[in-house]
Amino acid sequence: MGNRLTRIYTRGGDDGTTGLADGTRLGKDSRRIEVLGCLDELNSLLGVVIANAGAEPPPELIRVQNRLFELGAEIAQPTERRTTLEDVAWLEAALDRRNAELPPLKEFILPGGHPAAAHCHLARAVCRRAERRLVQLAREEQTDLLFVLARILARRDGGHEVFWQPEAPV
């Protein structure tokens, strides 16, 4: 893939708006732009965790970073779907697998102990904020829930999903 960004600034947002991937202009204070900012902040913090984790950072974090980037792309282009139920299943399985390595938790844990752990706690807090903002956006636009339900319903009774074919004949 070649370089696609030739400039860091466009001056297109001087009026208080910013552009989505599909060309739509939104206020910089819109819910969708707030979600994008939260996801970007979370992804950046995960980069700090990885950078501070030593020679062998948790490989799950790299995959999560990539999936967060895809989620951001999906939010920036509302008609495009990049996240799947398989992503959720993978995340839950990784959580269960990693949690099984730990002794049972008997007390609350305060952030700290190691720079990577402290940054990971900060990323966790930002992740929760991003989730709250994403839920607000979904409540307003009701696109994400309907998309997931459509995927589930398409598979019922032997049905199937119809996938996009980029080079489909006309």
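Summary of values
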item	result
Sequence ranges 100-107, 61-68, 79-86, ranked by mean other-Cβ count within 10 angstrom, highest first	61-68, 79-86, 100-107
FRET efficiency for Glu141 and Ala117, using Cβ-Cβ distance with R0 set to 35 Å, rounded to 0.05	0.45
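Every read-out reported here was derived from the displayed coordinates using simple, explicitly stated rules and does not represent laboratory data. These numbers were taken from a predicted model, which means no experiment stands behind them. No Cβ is skipped: glycine too gets one built from the backbone with ideal geometry, and neighbour counts run over all protein chains shown.
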